[in-house]
Structure formats: C-alpha cells, structure tokens
C-alpha cells in the first residue's frame, strides 16, 4: 500500500503504450539504418542526383590505399573511419555506412530489414493512435501536458534548474514541469506525425492512391530526407530523456513506469 510520499502517476494505458513505443522505436531505428545502408545518401526533391546530395556516407582510399570512411554533408567531407563508412579496424574494416551493431539484422540484408521496419512501423502507428485517442478521452492532454501561461513564463528558470541538475521535489514533482510538457507535445503533435507521414509518402502504392502525400514533402526523396532527420531528432530526444531519468532518480522513475507509483520522497525528484 502506498504511503504519504507516493502518488499514482502513470495509468496502465500510459505504461503499456510507453513500453510498446520503446520496443518499436528501437527496432525501427536499427532496421531503418539497415535500409539506409542500401543507398546511403539523402537528397531533396523527387529524384536522387548524387551531385546534389545533402548527405552521403561512403568509403574512399587514403594515401596508403587503405579504405577510409567519408561522410559528406553538402560539399564538406569528414573522415569518419572506424564508425561511418568504414567500421571496425581501419585496415580490415567493413565498408558500409552504419556498422553492423547499429543495424537489424546485423548482416547486409535489405529485404529482411524492410520486413522488420514495415511490421513494427504499423505497430507503432496503431500504438500512437491508441495513445492519442486515450490522451484526449482521459483528458490527459489538457490536464497533464498542456502548459499554462504561468508555466510558460517559468521556462527560463526550469531550464536553468535542469542545467544545474536541480529537479522538482515534493509537491512540485507531482506534475510534469514546463520543459517536459513542451518536449512531449513536440513529439506527440509534430515529430511523430511528420515521421509517419514521411514514411507513408515513400510507399509507391500509397502514393498512387494518395498523391497528396508527395505534394506535402515535395517529392519522395524529400520525404526520405525528412523521415531520416525526424528519426534522429527523436533519437536525440530519447537520449536526453534517458539522461534526465538517470540523473533525477533512475529506480524511482523506472518503478513509476512499471507500477505507476512514484515516490515524492526520492532525493532527486521529477525527471
């Protein structure tokens, strides 16, 4: 039974959709990198013109004739040997954009990577739709996620406290802080929907039925680029989110996401 220092923070549907998202996003990222490895370059528009690439990851030879990884962003090139372009030992390294440990399946297997990606993409879409509907029906959106006017005026102070690793405690830890609310809203209302739409726009079958998908992004290659950028933006959000979870009390935060109960007496407070 919970004591006075504990509150029931996360409902069952929040915890379930959160767990499904963790699995889906992990598989989608790794299988997406596998797909990218088949043509490791990004463009803008409807056609892939290598002379107008936005980003590319490949390999070249150094002065000694050894393979070296080369990552190009616009007209600038960077030596990324050992990680991107050429992974492992620079002399005997494997030539591929992203190394095997980042991709699913680890072998250079495009068809299986696509199968993994598409299967978990639809699970992700259904899970996201379920979360969105429940967020509205349960009033979770208005009650917990939308920041108030007074909350928005506290952005500077909240950011400064986070930079100093001072997290809300006690009564303040009962609710999401303004930075959390804004971050979750950006993911829920912007990054997530854009990533899904860009993914749908890359499907020739869907484009034939719904040509407006390509019009939204200005071409299939643009959609692929947007999909890639948003995916890594979500990865950045995830890294920051996990860092905050660890720094603000990893066991307390994990327990609240597994059981729903959060201890206000935790010495750090709310992530």
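Pairing each residue of the range 225-245 that is assigned by TED's automatic domain parsing to the domain that holds residue 36 with any residue that is outside any helix (DSSP H, G or I), provided the two are 6+ apart or on different chains, yields C-beta distances under 7 Å for 225/42; 225/43; 225/44; 225/54; 227/202; 228/42; 244/271; 245/271.
The set of residues in the range 102-160 being part of a loop (DSSP other than H, G, I, E, B), in contact (Cβ under 8 Å) with a residue 12 or more places away in the chain and under 30 Å from residue 39 (Cα atoms) consists of 103, 104, 105, 108, 109. Within the range 201-208, is even one residue modelled with pLDDT of 90 or more, in the same structural domain as residue 16 (by TED's automatic domain parsing) and within 20 Å of the chain's Cα centre (by Cα)? Yes, the range 201-208 contains a residue that is modelled with pLDDT of 90 or more, in the same structural domain as residue 16 (by TED's automatic domain parsing) and within 20 Å of the chain's Cα centre (by Cα). Across the range 42-101, the number of residues qualifying as in a loop (DSSP other than H, G, I, E, B) and within 21 Å of residue 222 (Cβ to Cβ) comes to 12.
Please note which helices (runs of 4 or more DSSP H) are completely contained in the range 162-241 and include at least 2 residues that are crowded, with 17+ Cβ neighbours inside 10 Å.
Details: elements: 178-186, 192-201, 204-209, 212-217.
Passing ranges, in order: 178-186, 192-201, 212-217.
Evaluated against (1) under 27 Å from residue 214 (Cα atoms); (2) touching a strand residue (DSSP E or B) at 6+ places or on another chain (Cβ under 8 Å); (3) loosely packed, with under 14 Cβ neighbours inside 10 Å, residue 49 falls short on exactly one condition, (2). Of all the listed residues (10, 18), the sole one being outside any helix (DSSP H, G or I) and either assigned by TED's automatic domain parsing to the domain that holds residue 212 or surrounded by 18 or more Cβ atoms within 10 Å (Cβ to Cβ) (or both) is 10. Residue 8 meets all of the listed conditions (1) out of contact with any strand residue (DSSP E or B) (no Cβ under 8 Å at 6 or more places or on another chain); (2) in contact (Cβ under 8 Å) with a residue 24 or more places away in the chain but one, namely (1).
The values are calculated or read from the model by the stated rules, or taken from the named source; none is laboratory data. Since we're looking at a predicted model, the values are computed, not measured. FYI the Cβ positions are ideal-geometry reconstructions off the backbone, even for glycines, and counts take in every protein chain you see.
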